Amino acid sequence: MKLSKTYNHKEFESDIYDLWEKADAFKPSGKGKNTFSMVLPPPNANAGLHIGHALMFNIQDLVVRYRRMQGDDVLWLPGADHAGFETQVVYEKHLAKEGKSRFDFSRDELYSQIYEFVGQNRSNFDQMFRQLGASVDWNHFTFTLDQNVIDTSYKTFKKLWDDGLIYRGERLVNYCTQHRTSFADIEVVYEDQKTPLYYMKYGPFELATTRPETKFGDTAIAVHPEDERYKEYVDKTLEVEGINGTFEIRVVADEMVDREFGTGVVKITPAHDFNDWEVAQRHNLEAKRVINHDGTMNHLAGQFEGMTIAEARKAVVQALKEKSLLIKIDDDYQNRVAKCYKCGTTIEPMIMDQWFINMEELAKPAIKALEAGKITFYPAAKRQQTIDYLKNVRDWNISRQIAWGIPIPAFQNVDDPDEWIFNENVHEHTLEIDGKSYRRDPDVFDTWFSSGHWPYVTLDGPDSEDFKRYYPNALMETGGDILYPWVSRMIVLGVYLTGEVPFKDVYLHGMVRGEDGRKMSKSIGNVVDPYPLLDQYGSDAIRMGMISGRSAGESASYAPAKIVAGRNFANKLWNVARFVEGVLEDKPGKPDSKANTTADHWMLRDLQQSINAVSSLLNDYRFSEAFDTTYHFVWDSFADWYVEASKREINPSMLRYGLESVLKLAHPFAPFVTETIWQTLDWTGETLLISQEWPKAPSYDDKQAVIFEEIKTIVAEIRLIRSSLQLKKVNLYFTDVDFLKDHGALIAGLAQLEGVHEVEAGQGLHLTQTSYSCWLDVDKETMDRYREKLEKQLTEAEKQRDGYKKRLDNEAYVKQAPKKLVDETKQQLEDTNTLLANIQKEIERFS
RNA sequence: GGGUGAUUAGCUCAGCUGGCUAGAGCACCUCGUUUACACCGAGGGGGUCGGGGGUUCAAGUCCCUCAUCACCCACCA
């Protein structure tokens, strides 16, 4: 087969993926002494993949291909996420374009509409996986709204209910009045902003507040218990003048009050402030809700009813002014305000009846497992962070007032609001049981509740064969940003349901930042779309470019130069193969690791080291270093030296063996190009590279390898001399060096010499880096020009010698450092002395 | 207010349990068309590893401290 001069990924990539797929190459083998299972964190089914996904897919596919070649029974399980709230927000925007709102439809209607909407975007999504070369087992593909996911979530809900770990309660929750749903604490983002701080008269007090509009919900005034200024009022009920006449209010003493802040007096609005809620619990205060779910004021706000929060604030301040109750406004006050992470609306703490999971209790066994080191984290520090998070986490609100999600399987007695029953007939709105009527909870689960089951539910736990074989997963690889919302919950729920951690290793990758080093964001305009890149450079190039120079947990900028380097490397592989195939065209045969030439032995030595290094680095998830090692073995050792040497001294079966090894080693990093090449080889038959065994480290003769190393030294010095002296035609002379007799043509070829000749006595420029006697045939004038260079070398060598000497003169070093190290230094000193002598001799000869 | 991470060549970044003259890619300089590759080959220049202290025979690596930049957590009205 004739190969084109440069590798063109477009010609091959999609065919190669088809080839793998048709051969069932991604299917778990069901054999092997080790299983290696991993779930692909399901991307949002309704959104395209971004460059961060590309990194994630690449890392995971790399691990999976390596494991497969190691002979493991590999299951890489793909999926898609319905992404509840996220997707509903997208759909709401879609509705808005048509002039509609989600509130025009019932939740059931919305659900079917969104289901269809998401379905339309799905085919696209599968294509993206293929372009990235993801060797996932498509047979195990799971969507987060598949029936078994729903069933499992219901079972867990019931179990939590029965175990008393879930409760229905009226609590203050984070609520977005724009999207009209509550959130878990972790979903709220905070923003620094300037909020006017209003000082107002409040009976005998002056107090400061950022929220004058909630004063109709005030049910107490709080002061610090030890604040002398206000001691006389504590526990009294005061008559206070407000906007609409006077009202009564209690004064309580509570540690929460900071005497230094404002006037040291706080109005307590339990229904609209988390702090105040706590105070209310301690002092048995009533909570009066004054804001509706749509963000308007209710009847308790009197003439302000129906106004939005912002309007009401203005109006209330105006009214306070008119009543001379407003003292001053501090416009410089900075505080942190909770925001909806989607629309930026200020989060309103709202009293709502919701389902909460008792996290303190539920997390206990998970914390124990983490503390016992049942899971290894990469980077390691994330383990303690997870433990700390779980130890402090508050109860988890899992109710969401949206349509797109798994309906909560709970029904409430119409006549007795305190009676709830568990029932999975969520397609019914009402149930009649034993003469009692029940109404379904209209809410759905927080998406993270069901996805917290992922390693468990995708394997159809706990009775399936899959579950028995592949649980716990070997690895959970995902972005560091979802350690808390996802990883920690999978651990908690996994341990709760199975008594076992859901995965043994956790590898967290960092964020892909923009080229400018900032977080990618649409508004900054530094977002990188992977698809044009895939088209331009190819999948392998993106993969290598994304992986190189990255370490666990660290965010790093997108660097296009690395993608280019990846593309060039793919091309290097291609051309190495092109050379080998061209040169072997008329020499049919099989690969063989039996060494013949000195270059063979040297290459095998390097290959052995590289295989060992890459394997151990990949075992430790050190992807960047593993790639680096592979890259330099292929490019520097195999292409630049071994292939070059083969042009003079050829061993066809070793060339084949070397190429095969290169392809295997590089396959996890560059699957498409390596498989493409594999398919062009005339001795690989119908086999696939993806299914080959990981190369085993070969053996070699070290003496032979050392001879080639010496040849390299000689060639390198000749190249340096030629380059620095701008020599065109040179001959090498030597006396009595056996390997030079045998490898004259090789050296001449590698160093671009006119010839290599054995002579009786030396003439010209003596090589200094080798202990053998070799000369270049240069005249006196050229030698003089070289003198300066030699003197520089001498100075450097002297500096080095002094360093070694100093180290060895240090008694403490010789005594305390490992013997191996000291011996090494002695050897280095000796070598440097020899080198110095050589250089000195040369300089003297010129003088 | 707590916590974590980062600071290494012009740029983007590696550098695991302390140990050869601190690396890579890109960029830069000089040559170069030789049985694959100019997406190439050969050679070269460039960093006292943010500042300061300490531990050690030995520190980019460990400890303390300061500075700067990220991120996370927390209920300051």
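The values are calculated or read from the model by the stated rules, or taken from the named source; none is laboratory data. Given the structure is predicted, the values throughout are model-derived calculations rather than measurements. No Cβ is skipped: glycine too gets one built from the backbone with ideal geometry, and neighbour counts run over all protein chains shown. Surface areas here come from the heavy atoms of the whole protein model, side chains and all, with no ligands, DNA or RNA. Shrake-Rupley method; radii C 1.70, N 1.55, O 1.52, S 1.80 Å.
Might you check whether a residue that is under 22 Å from A:Phe377 (Cβ atoms) and within 16 Å of RNA strand B (Cβ to nearest atom) occurs anywhere in the stretch A:458-478?
Looking for residues that are under 22 Å from A:Phe377 (Cβ atoms) and within 16 Å of RNA strand B (Cβ to nearest atom), one finds at least one in the stretch A:458-478, hence yes.
Please work out which residue is farthest from A:Ser551 (Cα to Cα), limiting yourself to the stretch A:625-642 and to residues that are more than 8 Å from RNA strand B (Cβ to nearest atom) and out of contact with any Lys or Arg (no Cβ under 8 Å at 6 or more places or on another chain).
A:Tyr642
With respect to A:Ile433, determine if the residue is out of contact with any Leu (no Cβ under 6 Å at 6 or more places or on another chain), touching a residue at least 60 places away in the same chain (Cβ under 8 Å), aliphatic (A, V, I, L, M) and farther than 18 Å from A:Tyr484 by Cα.
Working: out of contact with any Leu (no Cβ under 6 Å at 6 or more places or on another chain): yes; touching a residue at least 60 places away in the same chain (Cβ under 8 Å): no; aliphatic (A, V, I, L, M): yes; farther than 18 Å from A:Tyr484 by Cα: yes.
No, not satisfied.
For the stretch A:602-613, indicate whether the set of residues that are in contact (Cβ under 8 Å) with a residue 40 or more places away in the chain, more than 14 Å from RNA strand B (Cβ to nearest atom) and among the β-branched types (Val, Ile, Thr) is non-empty.
Yes: one or more hits.
Might you let me know whether the stretch A:388-401 holds any residue that is in contact (Cβ under 8 Å) with a residue 24 or more places away in the chain, outside any strand (DSSP E or B) and closer than 24 Å to A:Glu109 by Cβ?
yes
So, A:Glu260, is that one out of contact with any strand residue (DSSP E or B) (no Cβ under 9 Å at 6 or more places or on another chain), near RNA strand B (Cβ under 9 Å from one of its atoms) and modelled with pLDDT under 90 or not?
yes
In this structure, is A:Lys328 in a helix (DSSP H, G or I), farther than 16 Å from A:Met350 by Cα and open to solvent by 50 Å² or more (accessible area, probe 1.4 Å)?
No.
Under the condition of being near RNA strand B (Cβ under 9 Å from one of its atoms) and buried (at least 18 other Cβ atoms within 10 Å of the Cβ), which residue from the stretch A:643-672 is farthest from A:Asp742 (Cα to Cα)?
A:Val643
I need the full set of residues from the stretch A:396-423 which are surrounded by 15 or more Cβ atoms within 10 Å (Cβ to Cβ) and among the charged types (D, E, K, R), in order please.
A:Arg400, the sole residue that qualifies.
Taking A:Met200 as the residue in question, decide whether it is part of a loop (DSSP other than H, G, I, E, B) and of a type in the set (A, V, I, L, M). Lay out the reasoning, then the answer.
Details: part of a loop (DSSP other than H, G, I, E, B): no; of a type in the set (A, V, I, L, M): yes.
Considered against the rule, which asks whether it is part of a loop (DSSP other than H, G, I, E, B) and of a type in the set (A, V, I, L, M), A:Met200 comes out as no.
Starting from residues that are surrounded by fewer than 18 Cβ atoms within 10 Å (Cβ to Cβ) and aliphatic (A, V, I, L, M), keep the ones in the stretch A:512-527 and report whichever is nearest to RNA strand B (Cβ to nearest atom).
A:Ile524
Run down A:Glu191, A:Glu241, A:Glu226 and say which single residue is acidic (Asp, Glu) and within 23 Å of A:Glu305 (Cβ to Cβ).
Details: A:Glu191 fails: within 23 Å of A:Glu305 (Cβ to Cβ); A:Glu226 fails: within 23 Å of A:Glu305 (Cβ to Cβ).
Exactly one of A:Glu191, A:Glu241, A:Glu226 is acidic (Asp, Glu) and within 23 Å of A:Glu305 (Cβ to Cβ), namely A:Glu241.
If A:Tyr233 satisfies all but one of (1) free of Cβ contacts under 8 Å to residues at least 60 places away in the same chain; (2) within 12 Å of RNA strand B (Cβ to nearest atom); (3) among the aromatic types (Phe, Trp, Tyr), what's the number of the condition it fails?
The one condition A:Tyr233 does not meet is (2).
Could you grab me the full set of residues in the stretch A:289-308 that are in contact (Cβ under 8 Å) with a residue 40 or more places away in the chain and open to solvent by less than 30 Å² (accessible area, probe 1.4 Å)?
A:Val290, A:Ile291, A:Gly295, A:Met297, A:Ala301, A:Phe304
Return yes or no: is A:Asp443 open to solvent by 50 Å² or more (accessible area, probe 1.4 Å) and closer than 20 Å to A:Ile166 by Cα?
No; evaluated as a whole, the condition is false for this residue.
Looking at (1) within 27 Å of the chain's Cα centre (by Cα); (2) within 16 Å of RNA strand B (Cβ to nearest atom), which is the only condition A:Lys5 fails?
(1)
Out of all the residues in the stretch A:352-370, which are crowded, with 19+ Cβ neighbours inside 10 Å, under 24 Å from A:Asp441 (Cβ atoms) and touching a Leu at 6+ places or on another chain (Cβ under 7 Å)?
A:Ile357, A:Leu362
Quick check: is even one residue across the stretch A:358-377 within 22 Å of A:Gly479 (Cβ to Cβ), within 13 Å of RNA strand B (Cβ to nearest atom) and assigned to a strand (DSSP E or B)?
yes
Can you give me the ranges of the helices (runs of 4 or more DSSP H) entirely in the stretch A:484-574 with at least 1 residues that are closer than 17 Å to A:Pro41 by Cβ and out of contact with any Leu (no Cβ under 8 Å at 6 or more places or on another chain)?
A:489-498
Being within 31 Å of the chain's Cα centre (by Cα) and more than 10 Å from RNA strand B (Cβ to nearest atom) is the filter here; which residues of the stretch A:175-192 pass it?
Those that are within 31 Å of the chain's Cα centre (by Cα) and more than 10 Å from RNA strand B (Cβ to nearest atom): A:Tyr175, A:Cys176, A:His179, A:Thr181, A:Ser182, A:Phe183, A:Glu191.
Of A:Glu781, A:Glu842, A:Glu796, which residue is more than 14 Å from RNA strand B (Cβ to nearest atom), open to solvent by 80 Å² or more (accessible area, probe 1.4 Å) and of a type outside the set (A, V, I, L, M, F, W, C)?
A:Glu781
Can you tell which of A:Gly169, A:Gly164 is surrounded by fewer than 21 Cβ atoms within 10 Å (Cβ to Cβ) and within 17 Å of A:Gln401 (Cβ to Cβ)?
The unique qualifying residue is A:Gly169.
Among the residues that make up the stretch A:110-126, is at least one of them more than 16 Å from RNA strand B (Cβ to nearest atom) and in contact with a Ser or Thr (Cβ under 6 Å, 6 or more places away or on another chain)?
no
Looking for whichever is in contact with a Lys or Arg (Cβ under 7 Å, 6 or more places away or on another chain) and closer than 27 Å to A:Tyr631 by Cβ here; the options are A:Gly514, A:Gly480, A:Gly538, A:Gly452. Which one fits?
Of the residues listed, the single one that is in contact with a Lys or Arg (Cβ under 7 Å, 6 or more places away or on another chain) and closer than 27 Å to A:Tyr631 by Cβ is A:Gly538.
Does A:Asn284 count as open to solvent by 30 Å² or more (accessible area, probe 1.4 Å), more than 7 Å from RNA strand B (Cβ to nearest atom), modelled with pLDDT of 90 or more and not aromatic (Phe, Trp, Tyr)?
yes
So which residues in the stretch A:477-503 are aromatic (Phe, Trp, Tyr), under 21 Å from the mean Cα position of the chain (by Cα) and open to solvent by 10 Å² or more (accessible area, probe 1.4 Å), if there are any at all?
A:Tyr484
Filter the stretch A:682-699 down to the residues that are modelled with pLDDT of 95 or more and surrounded by 15 or more Cβ atoms within 10 Å (Cβ to Cβ) and list them by number.
Matches in the stretch A:682-699: A:Leu688, A:Leu689, A:Ile690, A:Gln692, A:Trp694, A:Pro695.
How many residues does the stretch A:799-833 hold that are open to solvent by 60 Å² or more (accessible area, probe 1.4 Å) and not in a helix (DSSP H, G or I)?
Going through the stretch A:799-833 one residue at a time, the tally reaches 2.
Test A:Val583 against the stated conditions and say whether it is at pLDDT 95 or above, surrounded by fewer than 17 Cβ atoms within 10 Å (Cβ to Cβ), assigned to a helix (DSSP H, G or I) and within 11 Å of RNA strand B (Cβ to nearest atom).
For A:Val583, the condition - at pLDDT 95 or above, surrounded by fewer than 17 Cβ atoms within 10 Å (Cβ to Cβ), assigned to a helix (DSSP H, G or I) and within 11 Å of RNA strand B (Cβ to nearest atom) - is not met.
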